[in-house]
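In what follows, a structure is listed as C-alpha cells, so that the remarks can point back to it.
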Amino acid sequence: MQYDVLVVGRPTCDVIFTGMSKWPEPGRENYASGLNVSAGGAFNFSAAASRLGLRVAFGGLIGNDVWSRFVREQFAGERVSTEFLHVIDRPLPAVSVALNVDEDRGFVTHEAEAEECDYRLTEHVVEMISKVDARHVHIHLVPWLPPVAEAAAARGMTLSVDAWGWEPWLESQGIWELACLSDVLLMNDAEAMTMTGVPDPRAALEQLKGLCKCVVIKRGAFGAVAVVDEEILISPTERVKVIDATGAGDCFNAGFIYGLLHDLPAGVSLTLGNLCGGAAVQAVGGYAGCPTEEGLLEAARAGGIDPAALDPVRRP
C-alpha cells in the first residue's frame, strides 16, 4: 500500500486532568473536575493527519502491558495503519500525565527502557523505510535521527522533524547538527528560544533560518512564524477558549504537513496549521479536537482562503 506519511516514534498513553484551579503543591491534595485517557505521544500527529485524509502508517515499538494494549486499540479507530508497528511481548509502558491549569499544561512522563527501545527502534525504522512506499516521514528530533534521515533521502521521501522539548537536550550543541538533516523543522516558541538562547521567537527564527529549507515556530495564541527558502512568513490566528492544550502542536504539524503535501503555498500551510491547532485546544485529548479534511477546508474558506483554487507550488 502507498502511504502519504510514515510516522516514526513511540506512542504513549495520555492521562489528562482538566479543570484544575492551581498547580499541585507538595503535601497537598488537588482536585481536577475532568479526566480523560487517550493515546498520545507520536500517535497524536498520526491520528490528526489521518483525520485530514492523509494515508498514514505508524512505525514504532509497543509492549503488551495494559497501557500499550489500550493505545493499540486506538489505531483502528483513527484509520492509522499498524503494518509497521512492532509489538514486543513484554511490558513496555509509555505513560504521560498532563495537568491543565490556566490555559497551560505540565507533564509527567515515564517511558520504560527508553535507551534500549531507541536502539531497537532505529534498526526497525531504517529497515521499514527501505520497504515502505511513502511520500513523507515525520519524526521527533531524536539522537538517532541521522540513519533515519539517510534512509528517507535514499528513497526520495521528504522529512519533517518536530523538536523534542527536554531542555538539556535542546541546549546541547549536537542538536544543531541533527536539526539540519530535516526538510521541515517544527518547534514551539519555548523550544526555539531554549535552543538558540535568545528571549524572542523572531530573533530565534533568524538564528534557525539557515538550518534547513523550512523552519516553523509555533506560537500558540499568537499564531506561527516561519522561514521558507529565506523568506519570512507570519501567520496570526484567532484566540479561542483553551480547554486542553495537549497535542495542539502535533495537530498544527498535521495541518501544516497536509498543506505541503498538497503543494499549497507555505503561508497557506501555516494557516491550516493554526486552524488545526486552534481546534485541538477546544477538546480534551491530544487529537480529539483536530478537524476532518472537510472541516479544515471549510474553516479555511470561512477565513478567505480556498485551497482548491490555488495553483500548486513546489514544496520544501
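Sub-6 Å Cβ pairs linking a first residue in segment 204-215 that is within 14 Å of E177 (Cβ to Cβ) and touching a residue at least 12 places away in the same chain (Cβ under 8 Å) to a second residue that is crowded, with 22+ Cβ neighbours inside 10 Å and among the β-branched types (V, I, T), at least 6 apart or interchain, are L208/V215, ordered by first then second residue.
Of all residues in segment 73-90, those satisfying the criterion of being more than 19 Å from E113 (Cα to Cα), in contact (Cβ under 8 Å) with a residue 12 or more places away in the chain and not hydrophobic (A, V, I, L, M, F, W, C) are Q74, E78, R79, S81, T82, E83. Against the numbered list (1) hydrophobic (A, V, I, L, M, F, W, C); (2) part of a helix (DSSP H, G or I); (3) without any contact (Cβ under 8 Å) to a residue 60 or more places away in the chain; (4) in contact with a strand residue (DSSP E or B) (Cβ under 7 Å, 6 or more places away or on another chain), W176 comes up short only at (4). Contact map, segment 220-237: residues that are surrounded by fewer than 15 Cβ atoms within 10 Å (Cβ to Cβ) and among the hydrophobic types (A, V, I, L, M, F, W, C) paired with residues that are at pLDDT 90 or above and assigned to a strand (DSSP E or B), Cβ distance under 6 Å, separation 6+ or inter-chain. Pairs shown: I234/V225.
Taking only segment 225-274 into account, find how many residues are among the acidic types (D, E) and closer than 15 Å to A49 by Cα. Steps first, please.
At the first step, the residues of segment 225-274 found to be among the acidic types (D, E) are 229-231, 238, 244, 250, 263.
Adding the requirement that they be closer than 15 Å to A49 by Cα leaves 250.
Result for segment 225-274: 1.
Scanning segment 295-314 for residues that are hydrophobic (A, V, I, L, M, F, W, C), exposed (fewer than 15 other Cβ atoms within 10 Å of the Cβ) and under 18 Å from S235 (Cα atoms) yields a total of 2. Do we have any residue at all in segment 128-146 that's of a type in the set (G, A, S) and under 17 Å from the mean Cα position of the chain (by Cα)? No, there is no match, as no residue in segment 128-146 is of a type in the set (G, A, S) and under 17 Å from the mean Cα position of the chain (by Cα).
Within segment 1-59, count every residue that is more than 30 Å from A152 (Cβ to Cβ) and in a strand (DSSP E or B). Steps first, please.
Step one: list which residues in segment 1-59 are more than 30 Å from A152 (Cβ to Cβ), which gives 15-37.
Cutting the leftovers down to in a strand (DSSP E or B) gives us 15-20, 34-37.
Qualifying residue count, segment 1-59: 10.
Residues satisfying the criterion are present in segment 80-91 (criterion: crowded, with 17+ Cβ neighbours inside 10 Å, of a type in the set (S, T, N, Q) and either under 22 Å from D162 (Cα atoms) or modelled with pLDDT of 95 or more (or both)).
Scanning segment 235-258 for any residue that is of a type in the set (A, V, I, L, M, F, W, C), over 20 Å from V215 (Cβ atoms) and in contact with a Cys (Cβ under 9 Å, 6 or more places away or on another chain) turns up nothing. Residues considered: L121, L145, L141, L159. Of these, the only one that is touching a Ser or Thr at 6+ places or on another chain (Cβ under 7 Å) and not polar (S, T, N, Q) is L159.
Restricting attention to segment 119-155 and to residues that are free of Cβ contacts under 8 Å to residues at least 24 places away in the same chain and in contact with a strand residue (DSSP E or B) (Cβ under 8 Å, 6 or more places away or on another chain), the residue that is nearest to N44 (Cα to Cα) turns out to be A152.
Among the candidates E111, E116, the residue that is free of Cβ contacts under 8 Å to residues at least 60 places away in the same chain and either charged (D, E, K, R) or in contact with a helix residue (DSSP H, G or I) (Cβ under 9 Å, 6 or more places away or on another chain) (or both) is uniquely E116.
The values are calculated or read from the model by the stated rules, or taken from the named source; none is laboratory data. Owing to the predicted nature of the structure, the values given are computational and were not obtained by experimental measurement. In this analysis, Cβ positions are derived from the backbone assuming ideal geometry, glycine residues included, and neighbour counts consider all displayed protein chains.
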